[in-house]
1. Only one of GLN153, GLN111 is surrounded by 22 or more Cβ atoms within 10 Å (Cβ to Cβ) and either in a helix (DSSP H, G or I) or within 22 Å of the chain's Cα centre (by Cα) (or both). Can you tell me which?
2. Which of the residues that make up the stretch 257-274 are closer than 22 Å to THR88 by Cβ and either open to solvent by 10 Å² or more (accessible area, probe 1.4 Å) or within 16 Å of ligand 1 (Cβ to nearest atom) (or both)?
3. Step by step: first the residues of the stretch 212-256, then only those that are open to solvent by 70 Å² or more (accessible area, probe 1.4 Å) and under 19 Å from VAL132 (Cβ atoms), then the one that is nearest to ligand 2 (Cβ to nearest atom). Which residue is that?
4. Return the only residue of THR6, THR23, THR15 being more than 18 Å from PRO174 (Cα to Cα), open to solvent by less than 10 Å² (accessible area, probe 1.4 Å) and of a type in the set (Val, Ile, Thr).
5. Is there any pair with a first residue in the stretch 119-136 that is aromatic (Phe, Trp, Tyr) and a second that is surrounded by fewer than 21 Cβ atoms within 10 Å (Cβ to Cβ) whose Cβ atoms are under 6 Å apart and which are 6 or more apart or on different chains, and what are they?
Amino acid sequence: MSKHDTIVAADVVVTSPGRNFVTLKITTEQGLTGWGDATLNGRELAVATYLRDHVAPLLIGRDPARIEDTWQYLYRGAYWRRGPVTMTSIGAVDLALWDIKGKTTGQPVHQLLGGPVRDRVLSYTHATGWDVPQLLDSVDAQRERGFRAVRAQTGVPGLDTVYGVSREAAGYEPAGRGTTPVEEVWDTAAYLRHAPGALAAVRDHVGPELHLLHDAHHRLTPNEAARLGQALQEVDLFWLEDVTPAENQEVLRHVRRHTTTPLAIGEVFNTVWECQSLITEQLIDYVRTCVTHAGGISHLRRIAALAEVWQVRLGPHGPSDVSPVALAASLHVGLSTPNFAIQEYMGYEPLVHEVFRHDWSYADGYLHPGDAPGLGVELDETLAARFPYEPAYLPVARRRDGSMTDW
Ligand code: CS2
Ligand code: MG
């Protein structure tokens, strides 16, 4: 047996160039480095600790080429399976090992996954406006940047804060800096009165061709979700996302019976097991699992394979908290996976592009992972060190009576 390369170090870099990112760096005896995204928004340090204390020591001395075996070792070996912290940690290792395999072979990861099945990956970005005129301006601005698919979110009359929108024209960022989460007030009835008209106004404004998406962010009951799906039927959405908290997936049957508005779910899922009945019962059209939080490239491909059988397509999560390393990984999967539909691309602040130098690129509504060996992203550790971790949390939401609800 030929002597294999060996993992000699696994280090965790926590950096905050405007927002927090956790990145795993695996180094081999032959001097190769692989990068993996381990960012779990608002719970970053839990993953950093899991990796440092419980995963890094197990990696030392292993063969970096054995990606699948390492995945199985970490997943089965933990005994306490699944969950965002565990699966994000495994995902980071998986990404770093695919990066190393690419660098060892001199190939971009998409070549190792079977090669391109398309030339470029369709992407959607966010348009946000506190009121409808501002939303239309925002949609126009994204169209001018070349986007062919746009997620539209707007403020709701009577509410001071709404998911996906900032009051100022500045870009939206879900996590707020500080040691405790911001508390928001949520009113579903007000949202349901406003959202269908606002989205219809966007459709009227843009005409039939632009793909429009909307995220309800887990806030509706099954019946509310069914009604919203019906009300949006004429708007012809590309998808309506996260209509209900999908812990109870049976409720989606009710939603499905009442609307053909395409449904997308899955950004908070961590394994194929949470996607299983949504896919095999065809309760969704798009599965949104993220390459970081669902165990890396190896596991996202399994989800894709199951979804392909049921004509469900992938539309992975890609907000600002999914780092440029994970975005690269998602794009390598996207370029080489037949049932990959669209990649969310919220974009990053300029500083993030400096800390994470990447080969992937955006042009004319599409993304491409680039042809550099591996994932094609290198973290500038010196620059990263200038931006230490800052506590930041996603908001929490209460109803008008003060009771907690889903944010
Ligand atoms: C989201 C995210 O992009 C999306 O579709 O729902 O903005 C999500 O709220 C954040 O990524 C949470 O970290
Ligand atoms: Mg979402």
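The values are calculated or read from the model by the stated rules, or taken from the named source; none is laboratory data. No experiment lies behind these values; they were computed from the predicted model shown. Backbone-built Cβ (ideal geometry, glycine too); neighbour counts: all protein chains shown. Just the protein is used for accessible areas: all its heavy atoms, side chains included, with ligands, DNA and RNA removed. Shrake-Rupley method; radii C 1.70, N 1.55, O 1.52, S 1.80 Å.
1. GLN153
2. Hits for the stretch 257-274 are ALA264, ILE265, GLY266, GLU267, VAL268, PHE269, ASN270, VAL272, TRP273, GLU274.
3. Only one residue fits best here, namely ASP236.
4. Answer to the selection: THR23.
5. TRP130/ARG167
Every residue, every condition in (1) within 16 Å of ligand 2 (Cβ to nearest atom); (2) surrounded by fewer than 19 Cβ atoms within 10 Å (Cβ to Cβ), yes or no:
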| site | (1), (2) |
| --- | --- |
| GLY77 | no, yes |
| PRO84 | yes, no |
| SER89 | no, no |
| LYS103 | no, no |
| GLY129 | no, no |
